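Have a look at the structure below, then the notes.
The values are calculated or read from the model by the stated rules, or taken from the named source; none is laboratory data. Keep in mind that this is a model prediction, so the values were computed, not measured. Reconstructed Cβ throughout: ideal geometry from the backbone, glycine too, with neighbour counts over all protein chains shown.
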Amino acid sequence: MSTSKRQIRLGAFIMATGHHIAAWRHPEAQADAGLNIDHYRELAETAERGKFDLVFVADSPAGWERANDLEAYRRTAQGAHFEPLTLWAALSQATRHIGFVATASTTYEDPYLLARRFASLDYISKGRAAWNVVTTGADVSKNFSIAGHPAHADRYERAEEFVDLVKGLWDSYEDDAFIRDKESGVYLDPDKVHLVNHKGKFFSVAGPLNVGRPVQGYPVIVQAGASEPGRELAARTAEMIFTANQTLDDAQEFYSDVKGRLARYGRRPEDLLISPGIFPVLGGTEAEAEANYEYIQSLVHPSIAWNILARHYRGVDLSGYSLDDPAPPLPGDTELNKSRLKLVSDLVSRNNLTLRQLYLAVATARGHRTVVGTPEQIADAMQTWFENGAADAFNIMPPVLPAGLTDFVDQVVPILRKRGLFRHEYEGATLRENLGLRRPPNGFTLQVQQAQAAV
Ligand SMILES: Cc1cc2nc3c(=O)[nH]c(=O)nc-3n(C[C@H](O)[C@H](O)[C@H](O)COP(=O)(O)O)c2cc1C
């Protein structure tokens, strides 16, 4: 096998008990997973055993929305879980190779404090940190002493400034700023310490940061929004995009659109890896996989089914409908998650779904691609997208954890390897090296070099 052959990158997208909405009720689920560190350690170790590039947890700075739907509220397992950076700092000590993607919000966090925490995680993990930059679709403003949830466009404007500022803070110290010469008593070179002196629309920050330049230069920047401003933010700043696509056509459109934007920012197509999610329902035979799918879907309680529908039909009265009625059109636009609304609307209109079929379609993985089949069929589904301009990587979204990840590692990974599509060993020491991403130069060093070259 040629070592230069393009290979799939793999992420384990971990949702405590599993991605299926009713996962926690499954006999193989760890019901207290969200607050069980041993469970997460097992998952990180399993992913590393499978030579995955990364583990990833999603996050929102709010509990599950209680609203008035007490019946659904008492049946959902998604409200209580660990803060991602804290979790990954702990698990970096139990692993050696795998990368850690933590989600953090540019709408509800502070750039200085966040830059510090990610730089710390990068040191603690020895260069395995990544930041999933999200603007937070859900309105969680009630937790943050602010008047309300900022509009979609405002959230992205703030995100642009936020990410640039954080990168500036990570550049506070040049890589060789610390001399630490015991003999002379000189600890650092002040010429290599820089202030950002940032004054923008949203933030006013002097710097420097109180952590050295991260091991990877910057932790890997991941982005997960897919609206117009989301794609633009990714094209300018991200190195990996997490995305949800249902069909090959949609995934190809997204892939070529985002890659096509990179040249405008002086970037190459390989500087940004595109990683759609896949929800694999495995079975030894097709019939067994179908039975596993039917079984987990049977665990969705009717109150959860209606709650899922109400979340998609915000502002629409569904009280006159039965589950077997055709799904009415979804709301035309939202200030929350624009790309997901479009994905689900397309799903309904493309397949003429009933309300029952709609809730079942999103109960699996909230709109991510569901593939039900044998390990060979799951590998085929991945290979097709990988080889046809739709994916560089995949976020594997196991239905039930920990079993779903173990099954994938033991049953699908060997097939991908046999086909020359996936690594046998880690290539590098840092997440960046394993993903084949370059280490970014320090912006201040670049400025000095450019000024010297101009003299
Ligand atoms: C795989 C994936 C993971 C995501 N994870 C999070 C998350 O952890 N927290 C969050 O607030 N949003 C998350 N999102 C949502 C996006 O970050 C974004 O807020 C949403 O897509 C709305 O932005 P858009 O309208 O630009 O798409 C995720 C999206 C995808 C596709």
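Some points to look at:
- Residue selected from the range 64-116 under the condition of a type in the set (A, V, I, L, M) and in contact with a Gly (Cβ under 9 Å, 6 or more places away or on another chain), by the criterion farthest from V215 (Cα to Cα): A77
- Flag if E253 is of a type in the set (D, E, K, R) and either touching a residue at least 60 places away in the same chain (Cβ under 8 Å) or in a loop (DSSP other than H, G, I, E, B) (or both): no
- So S345, is it in a helix (DSSP H, G or I), among the polar types (S, T, N, Q) and either within 16 Å of the ligand (Cβ to nearest atom) or closer than 28 Å to A77 by Cα (or both): yes
- Within the range 442-455, being of a type outside the set (A, V, I, L, M) and loosely packed, with under 13 Cβ neighbours inside 10 Å holds for Q447, Q449, Q450, Q452.
- Single match in T374, T430, T406, T354 (criterion: on the phi < 0 side of the Ramachandran plot, buried (at least 22 other Cβ atoms within 10 Å of the Cβ), of a type outside the set (F, W, Y) and in contact (Cβ under 8 Å) with a residue 12 or more places away in the chain): T430
- Test for Y156: is it within 16 Å of the ligand (Cβ to nearest atom) and either in a loop (DSSP other than H, G, I, E, B) or in contact with a Phe, Trp or Tyr (Cβ under 7 Å, 6 or more places away or on another chain) (or both): no
- Condition broken by N245, with the remaining ones in (1) of a type outside the set (A, V, I, L, M, F, W, C); (2) outside any loop (DSSP other than H, G, I, E, B); (3) within 16 Å of the chain's Cα centre (by Cα); (4) over 15 Å from T103 (Cβ atoms) satisfied: (2)
- D53 within 19 Å of the chain's Cα centre (by Cα), under 22 Å from D392 (Cα atoms) and among the acidic types (D, E): yes
- Residue among G260, G225 that is farther than 28 Å from A429 by Cα and within 16 Å of the chain's Cα centre (by Cα): G225
- The set of residues in the range 311-335 that are surrounded by 11 or more Cβ atoms within 10 Å (Cβ to Cβ) and of a type in the set (D, E, K, R) comprises R311, R314, D325, E335.
- Among the residues of this structure, E433 does not count as one that is assigned to a loop (DSSP other than H, G, I, E, B), among the charged types (D, E, K, R) and out of contact with any helix residue (DSSP H, G or I) (no Cβ under 8 Å at 6 or more places or on another chain).
- As a summary of the residue check, F82 satisfies the conditions (1) of a type in the set (F, W, Y); (2) within 19 Å of the chain's Cα centre (by Cα); (3) under 30 Å from S303 (Cα atoms); (4) away from the ligand (no atom under 14 Å from the Cβ) except for the one numbered (4).
- Residue, farthest from the chain's Cα centre (by Cα), within the range 182-221, restricted to residues that are of a type in the set (K, R) and more than 16 Å from L165 (Cα to Cα): K182
- Residue that is modelled with the highest pLDDT, among those in the range 66-80 that are of a type in the set (D, E, K, R) and buried (at least 17 other Cβ atoms within 10 Å of the Cβ): R75
- Residue ID - farthest from the ligand (Cβ to nearest atom), chosen from residues in the range 134-153 that are part of a helix (DSSP H, G or I) and within 14 Å of G225 (Cα to Cα): A153
- Any hit, the range 255-278, residues being β-branched (V, I, T), closer than 27 Å to A102 by Cα and more than 14 Å from the ligand (Cβ to nearest atom): no
- Residue tally, condition closer than 30 Å to A403 by Cβ and away from the ligand (no atom under 14 Å from the Cβ), over the range 223-254: 2
- Within the range 91-113, tally of residues that are over 19 Å from T430 (Cβ atoms), touching a Phe, Trp or Tyr at 6+ places or on another chain (Cβ under 8 Å) and in a helix (DSSP H, G or I): 1
- Tally, over the range 13-71, of residues that are free of Cβ contacts under 8 Å to residues at least 40 places away in the same chain and not in a loop (DSSP other than H, G, I, E, B): 2
- Out of L330, L323, one residue alone is in contact with a Pro (Cβ under 9 Å, 6 or more places away or on another chain) and more than 30 Å from L10 (Cα to Cα). It is L323.
- Any hit, the range 297-311, residues being assigned to a loop (DSSP other than H, G, I, E, B), farther than 23 Å from A22 by Cα and not hydroxyl-bearing (S, T, Y): no
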